[in-house]
Amino acid sequence: MSPLLSISSQFHGITLLKSYNQEPGENSGPISITSSLTKKFKMLDLKLIRENPEAVETALARRHGGFSIKELVEIDARLRKVQSEWEALNCRSNEISELFKSGKLSGPEKESFKSETKEIKSRQGEVEEEKRVLEGQRTQLALAIPNMPGADVPDGKDEEENKIVSTWGTIPGIKNPRHHYDLGAELGIFDFERGVKIAESRFTVLMNWGAKMERALMNFMLDSHSKRGYSEVFPPILVNRNCLVGTGQLPKFADDFYKCADDELYLVPTAEVPITNLYREEVIDEADLPIYHCAYTPNFRREAGSAGKDTRGYIRQHQFNKVELVKFCTPETSADEHEKLTRDAELILEALELPYRRMLLCSGDMGFCAAKCYDLEVWFPAQDKYREISSCSVFGDFQARRANLRYKPTDGGKAKYLHTINGSGLAIGRAMAAILENNQQPDGSVRVPTVLQPYMGVSVIAAKLAAVT
RNA sequence: GGAGAGGUGGCUGAGUGGUCGAAAGCACCUUCCUGCUAAGAAGACGUACGGAGUUAAUCUGUACCGAGGGUUCGAAUCCCUCCCUCUCCGCCA
């Protein structure tokens, strides 16, 4: 069996047992990763890269993103050469220290050894400079390499080649369906103009039943997931840099986030970030796995690079609400847990009576960290197409390496990297938009899905009821 | 924001210049003993990268005591800078 087969048969792309601990250059290069993470910081398994560069290269090529480890491999080899040189010098200087320790040196001998050490130190300084540069380069390169697609991920370049796994529900036969933004504006539940006035474009104010439905959806989703065993978390919405490196958003996607001007803190782009980082740098007992969490947070994205996309309506906002599902589990169970998590997200769509389909993303369309990903797409009648409402990914140990998430196996042995999985369950704003469009009535009112009625206290949102009294 | 204390291995916690990769305790693992609301004895027990060795056992080099820099033949230990945590005060939803 080739190494590649053994690797990809787990589909997580990365061997788990092999761990690589790299010490990046201190403050060298443009990436500065602060404090404890610096030392324990890990990314793709370098050992795997050294031993099977072709296999890794082949796997990365499937992403069609122009990723290559060639430069990394070369830098790594040079670095290790420099490192041995440095170590040899250090070894000699340690020997000299030992001689001093023995206390048997004569005066002239002492002087001679002192000057030898001085020479060693100065040579070491030169080597060290080179080492530092190489380490910085290696870190930078390694952090910019995405996860390898799993073996059961179809090849493909972009979203055109994603595979439909299943579809659910009946597409409603609505004559001349109206867009959610028109309906919502008419019903007095979206105020796009004032959102812009208060913040800027792509910020929206929810009024009256809109605000209530947002809250109803949030509560319904959290309640549902809680009942299925997800423990609820309400985390900080501002996170530090290490969190974003840990879950893979940084350093590569720095333009996507809002950053505080005076503090090294970022607004979360998704609850995945704080929740996954809950256990960063920790070792969890295997007996405590799997861990299921659900969390509501507002999410903030600058949407750099999506100019002109979805400019109308409530689909692509700088601030949006989402309930997120996150799992921590052993490598053996992650494939299964991923399926179950995706199913848990689907159950929300089904409860909301929204037609949807499940897509298996092809290798070229997956996110940076994902080993495998399902997107759930909900039907938008006015657009006459399915739109993403949830993305459920399994990461293998990719995030676990970055965030140093480990577990202690029950059978003893060393701490191993665990596997992480997450998915939206669901994006709340898009869910509301989908409800508006799919449940619109000829008279311009909107039927409230049955499961939401207890949360909202009404069964229909009608124009005449639009004002909450 | 002000003042003080502190950051050491899975955890607790000693350690103020070489005998420290690091006492002790807890946890975990192995063995033995005892025998049942579990106790006792002994041993083993950090991570990473490299070299030798049968891609073994094992031996060995280097680094790591928050991070970076400095002093020194030699730093967990002394000095400087930064980060973080805790306590008290101030402010405050």
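Read the figures in this text as sums done on the coordinates, not as results from a lab. No experiment lies behind these values; they were computed from the predicted model shown. Note that each Cβ is placed from the backbone with ideal geometry, even for glycine, and that neighbours are counted across all protein chains shown.
Remark: the residue A:50-residue A:112 segment gains 18.1 nm on full extension, using 0.36 nm per residue and subtracting the alpha carbon distance.
Other residues whose C-beta falls under 11 angstrom from the C-beta of residue A:282 contribute a net charge of 0, scoring Lys and Arg +1 and Asp and Glu -1. To the nearest 0.05, how large is the calculated FRET efficiency for residue A:99 and residue A:126 if R₀ is 35 Å and r is the Cβ-Cβ distance? According to the calculation, E is roughly 0.90.
Once a ≥ b ≥ c are taken as the square roots of the eigenvalues of the Cα gyration tensor of region A:159-465, is the result rounded (a/c under 1.5), prolate (a/b larger than b/c) or oblate (a/b not larger than b/c)? Verdict is prolate for region A:159-465. Measuring between their Cα centroids, region A:44-111 and region A:324-359 lie 43 Å from each other. For region A:292-382, the relative contact order is 23 percent, taking Cα pairs closer than 8 Å that sit 6 or more residues apart in sequence and dividing their mean separation by the residue count. Charged neighbours of residue A:296, selected by a Cβ distance under 13 Å, balance to -3 (K, R count +1; D, E count -1). Taking each of A:81/A:414; A:340/A:408; A:157/A:372; A:81/A:114; A:110/A:131 in turn, the alpha-carbon distance tops 20 angstrom for A:81/A:414; A:340/A:408; A:81/A:114; A:110/A:131. May I ask you to list the aspartates and glutamates whose Cα is less than 18 Å away from that of residue A:163, ignoring any residue fewer than eight positions away on the same chain? Output for residue A:163: A:152, A:155, A:339, A:346, A:365, A:375, A:377, A:388.
Nearest 5 is fine: what % of DSSP beta bridges in chain A come out antiparallel, could you say?
For chain A, the DSSP antiparallel bridge percentage is about 90.
For region A:218-235, backbone phi angles converted through the Karplus equation (6.51, -1.76, 1.60; θ = phi - 60°) give residue-by-residue couplings of 4, 5, 4, 5, 5, 4, 4, 5, 4, 5, 9, x, 8, 8, 7, 10, 10, x Hz, Gly and Pro being listed as x.
3J(HN,Hα) along region A:204-210, derived from phi through the Karplus expression 6.51 cos²θ - 1.76 cosθ + 1.60 where θ = phi - 60°, amounts to 10, 9, 9, 10, 6, 5, x Hz, with x in place of Gly and Pro.
Between residue A:119 and residue A:164, the modelled labels are 7.7 nm apart [label points 7 Å from Cα along Cα→Cβ].
Sequence-ordered 3J(HN,Hα) estimates for region A:45-57 from the Karplus curve with 6.51, -1.76 and 1.60 and θ = phi - 60° stand at 5, 5, 4, 4, 5, 5, 7, 10, x, 5, 4, 5, 4 Hz, glycine and proline given as x. Please give the Cα centre distance for region A:126-143 versus region A:248-318, rounded to the nearest Å. A separation of 29 Å, based on Cα centres. Estimated purely from DSSP H runs of n ≥ 4, each contributing -39500 (n - 2.57), the mean residue ellipticity at 222 nm for chain A is -12000 deg cm²/dmol once divided by its residues. What translational D, rounded to a whole number of µm²/s, comes out for region A:201-304 from Stokes-Einstein when the hydrodynamic radius is the Kirkwood one over Cα pairs, at 10 °C and 1.306 mPa s? Reported coefficient: 102 µm²/s.
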